[in-house]
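One structure below.
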Amino acid sequence: MTRHFLNLSDAGGDAIAAMIADAIDRKAARKSWPKGQADADAPLAGHTLAMIFEKNSTRTRVSFDMAIRQLGGTSLILDGATSQLGRGETVADTARVLSRMCDAIMIRTDDHAKIEEMAHHASVPVINGLTDLSHPCQIVADLLTVVEHGVALPGSQWAWLGDGNNVLHSIVEAAGLMKFDVRIAVPEGYDPDPSFEAEARARGAQIIHSRDPQAAVAGADIVVTDTWISMGQSHAEEKLAAMMPYQVTPELMALARPTAKFLHCLPAHRGEEVVEAVIDGPQSVIWDEAENRIHAQKSVLLWALGRLG
Ligand code: CP
Ligand code: NVA
């Protein structure tokens, strides 16, 4: 069976735990190495990752490139403007061709149905580098960051403030798999897709909704937010106004546990979803979170290619 990674559930909780453990070990083993040098075992030597970007990216693009290099392989990038995808070649035919030439495909796109179609027609692993629905690779890095900072995942309390978006969907999915709870404070009209919550609840996670950011953050171990305007959405004044009470401020952070950590997948819009005193403050772990994209993406690649879990 080809191991696609379209959502966290494709791997499951045990494999995600194995990914986190492997990422911690590989990160520790690399400490003093040049960033582009392969790990001693070079487990993916000779492998090529094709990366397709139909949306902008800094972290996903660089972290996957560095991840495959550190595993001994190489990557290539296709974008909408310069590949035949941009001229109407189908996702199915692109998947068939790339499967003959490359060992894995990572794609960032808009409609989640496109990545499902790609996985259906690919005979090599397809990895979700973000769709409008979900961002599972980001959340593997977030889980790694939380564990590294001493928070045990089972039973931990996460508070999400702001938009009910793709990143939140994957956090909720992770809650079910890794057994933590999420309190979601999102303004009316911007709630997340209920299907992820139903699945997480069925797996035993508590997913609590509130329109009250203070109640959501009270006693939380992790406070997390993301841009109010995701890629592909128009910049609506009405939405920004609705989101303003959910801005992460020092006053809100003071309600969380004193040891609470602040996460943000980046890019951030300082002064919108979070103020500088928080994102640059002592509880923020965003630079570890960003670096961990490399270490987490290595684990995702190793799992997808059958070397882990
Ligand atoms: N967090 C994240 O996915 O960043 P990029 O959009 O820069 O890839
Ligand atoms: N929710 C954001 C995440 C960016 C990494 C977006 O989809 O644009």
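Some notes on this structure:
- Residue count for segment 30-59, restricted to those that are at pLDDT 95 or above and not in a loop (DSSP other than H, G, I, E, B): 7.
- Any chance residue 148 is surrounded by fewer than 23 Cβ atoms within 10 Å (Cβ to Cβ), acidic (Asp, Glu) and either modelled with pLDDT of 95 or more or within 16 Å of ligand 1 (Cβ to nearest atom) (or both): yes
- When residues in segment 19-65 are screened for being aliphatic (A, V, I, L, M), away from ligand 1 (no atom under 16 Å from the Cβ) and in contact with a Cys (Cβ under 9 Å, 6 or more places away or on another chain), 1 of them pass.
- Which listed residue is closer than 28 Å to residue 225 by Cα, away from ligand 1 (no atom under 16 Å from the Cβ) and modelled with pLDDT of 95 or more, from 93, 111: 111
- Filtering 248, 217, 274, 285 for residues that are under 18 Å from residue 143 (Cβ atoms) and in contact (Cβ under 8 Å) with a residue 40 or more places away in the chain leaves a single hit, 285.
- Condition met for residue 91 (among the β-branched types (Val, Ile, Thr) and more than 22 Å from the chain's Cα centre (by Cα)): yes
- Flag set for residue 200, criterion: of a type in the set (A, V, I, L, M) and either in a loop (DSSP other than H, G, I, E, B) or more than 16 Å from ligand 2 (Cβ to nearest atom) (or both).
- Residues in segment 167-218 that are within 25 Å of residue 247 (Cβ to Cβ), of a type in the set (D, E, K, R) and in contact with a Pro (Cβ under 8 Å, 6 or more places away or on another chain): 211 alone.
- All positions within segment 179-204 that are crowded, with 22+ Cβ neighbours inside 10 Å and closer than 22 Å to residue 20 by Cβ: 180, 182, 196, 200
The values are calculated or read from the model by the stated rules, or taken from the named source; none is laboratory data. Given the structure is predicted, the values throughout are model-derived calculations rather than measurements. For neighbour counting, all protein chains shown are included, and Cβ atoms are generated from backbone atoms with ideal geometry for every residue, glycine included.
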